[in-house]
1. Would you mind finding the one in A:ALA126, A:ALA165 that is among the aliphatic types (A, V, I, L, M) and under 30 Å from B:GLY237 (Cβ atoms)?
2. How do the pairs read when you match residues in segment A:229-240 that are part of a helix (DSSP H, G or I) with residues anywhere that are of a type in the set (S, T, N, Q) and buried (at least 21 other Cβ atoms within 10 Å of the Cβ), using Cβ under 6 Å and keeping only pairs 6 or more apart or on different chains?
3. Hey, A:PRO135 hits all of (1) assigned to a loop (DSSP other than H, G, I, E, B); (2) within 14 Å of another protein chain (Cβ to nearest Cβ) but one; which does it fall short on?
4. Of the conditions (1) more than 20 Å from B:ARG114 (Cα to Cα); (2) touching a strand residue (DSSP E or B) at 6+ places or on another chain (Cβ under 9 Å); (3) surrounded by 20 or more Cβ atoms within 10 Å (Cβ to Cβ), B:LEU233 fails just one. Which one is it?
5. Let me spell it out: the conditions are (1) touching a Cys at 6+ places or on another chain (Cβ under 9 Å); (2) farther than 19 Å from B:VAL241 by Cα; (3) open to solvent by 30 Å² or more (accessible area, probe 1.4 Å), and B:GLY181 meets all of them except one. Which number is the exception?
6. Can you find, within segment A:184-228, the residue that is most open to solvent (accessible area, probe 1.4 Å) among those that are in a strand (DSSP E or B) and under 24 Å from A:ALA165 (Cα atoms)?
7. What pairs can you find where one residue is in segment A:150-163 and on the phi > 0 side of the Ramachandran plot, the other is open to solvent by less than 30 Å² (accessible area, probe 1.4 Å) and at pLDDT below 95, and their Cβ atoms are less than 9 Å apart, with a gap of 6+ or different chains?
8. Filtering segment B:167-216 down to residues that are modelled with pLDDT under 95 and of a type in the set (Ser, Thr, Tyr), which residue is farthest from B:ARG226 (Cα to Cα)?
2 protein chains.
Amino acid sequence: VPTYKLVVMYDGSRFAGWQIQPGLPTVQGEIAGLLKRICDEPGLRVAGAARTDAGTHALGQVATFTSSRTWETARLHRALNRLLPSDIAVASAEEVDGSFHARRSAAGRVYLYRIACTPVLSPFLARWVHHYRRPLDVESMRRGASQLLGEHDFSSFRAAGDTSATPVKTIRRIEIADREGVVELTVEGTSFLQHMVRAIAGTLLEIGRGHWKASRMETILKARDRGKAGPTLPARGLCLVEVLYPETGGRRSLPGAENR
Amino acid sequence: VPTYKLVVMYDGSRFAGWQIQPGLPTVQGEIAGLLKRICDEPGLRVAGAARTDAGTHALGQVATFTSSRTWETARLHRALNRLLPSDIAVASAEEVDGSFHARRSAAGRVYLYRIACTPVLSPFLARWVHHYRRPLDVESMRRGASQLLGEHDFSSFRAAGDTSATPVKTIRRIEIADREGVVELTVEGTSFLQHMVRAIAGTLLEIGRGHWKASRMETILKARDRGKAGPTLPARGLCLVEVLYPETGGRRSLPGAENR
């Protein structure tokens, strides 16, 4: 059956997260609702690569759906963007191999957590950052963060309600940049526990503001105790930047395409 | 009496403009309401440099108020930012000379109008730009804009409801930049007619998309007829960037301050 891949951006501020919940505005609900109308298939279902929480944003969420008919992706793309509310946009739409699935095929996710550490928070940033009024020690934060690289039991950064099969996850990349007073934490991993990035950000904030030493990160990680780490920072500062797929990302390779 | 100058930033999306209107959310209403409480002066009044329309944003609106008492500006500043909603922020607060008035002392205003001309509009830009799906001819727009420089009768760009004493205004600077698919129109003038920048932006959009030639701008200006110019683009794309004051900007010069 024809399978389609969408890359979706959203300002998560007014949504109860990605995943459909009865009676609540959700990103998946908005997209699935429109696709059912456009494709005239009431049973159409949309899969997402990551279940972003209420208030979390996305630059590169990936969604897949199958249809009984073949659609011209450029038209589908335009129709979706015309009908979606302005806080959701489809960056790209393409037909993919039927074996491709947004979540199951994903090999990694990249998240960004942003902390504005300026006395005054700009109203033009307020929707997408956490605000901390004083400067942060970015070097200490980097030393703390580096201790999380690799495969670990991340129980210390796991939400009480997390339903993952295992608390063991792998962080492949963790970087901290300071862009004009906004501290940007980028974390890449295979997959994440619920609230994991927000709890890591909260722990790094304790280090950055000098409340804890960078070396404490290792103690916290080894404790496997949520009570030992810093607070879960607000969803507002979190953004799903990219979902990574092996090789083609499920792109339908046309015969002879490799010669072009 | 002690007089205070505030530089105010706001995301105008949910406001019925700057100016207080009974029963509607306004920026002036939010700030005046808080200052009355903080200063415990029910009669306190706040003046703004520009009456921005519903939906228009500001990076540098200027407001002044007088109080019967002297306030430590750093504390007043912090108190305001703690209590204001996240779509309004006070960038700075200072005591100024009693003769200083946000509107009457202003010598100029700088506005920015932004048009995103990309096929897909990012949800992270949607609140502060107008969206036009195709590329614009920025060179033609510049040629058209240059014809507006100087003192002219701007009746062709004047809203029906405008109450200015005269349609004659001076544009001192008009610039167009293209920043990664967002066309930015910057206009500096002494003061503006209602909707003037939005009507200029709408006319330049007609030129940029190739519907009109750049040379038509002169004909439109000379016609002094609102019907001849382009449409008034949405307030969403407009931002009051800066209010200009002669010399000190009303800053209270302390005796001996010039020697420091």
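The values are calculated or read from the model by the stated rules, or taken from the named source; none is laboratory data. What you are looking at is a predicted structure, and each value in this text was computed from that prediction instead of being measured. Cβ coordinates were reconstructed from backbone atoms using ideal geometry, including for glycine residues, and neighbour counts include every protein chain displayed. All accessible areas refer to the heavy atoms of the entire protein, side chains included, with ligands and DNA or RNA removed. Shrake-Rupley method; radii C 1.70, N 1.55, O 1.52, S 1.80 Å.
1. Details: A:ALA165 fails: under 30 Å from B:GLY237 (Cβ atoms).
Criteria check complete, one pass: A:ALA126.
2. A:ALA235/A:THR56
3. (2)
4. Of (1) more than 20 Å from B:ARG114 (Cα to Cα); (2) touching a strand residue (DSSP E or B) at 6+ places or on another chain (Cβ under 9 Å); (3) surrounded by 20 or more Cβ atoms within 10 Å (Cβ to Cβ), only one is false for B:LEU233: (1).
5. (3)
6. At the first step, the residues of segment A:184-228 found to be in a strand (DSSP E or B) are A:184-189.
Checking the rest, the ones that are also under 24 Å from A:ALA165 (Cα atoms) come to A:187-189.
On the way: A:VAL187: 0, A:GLU188: 29, A:GLY189: 0 Å².
Checked segment A:184-228; the qualifying residue most open to solvent (accessible area, probe 1.4 Å) is A:GLU188.
7. none
8. B:THR190
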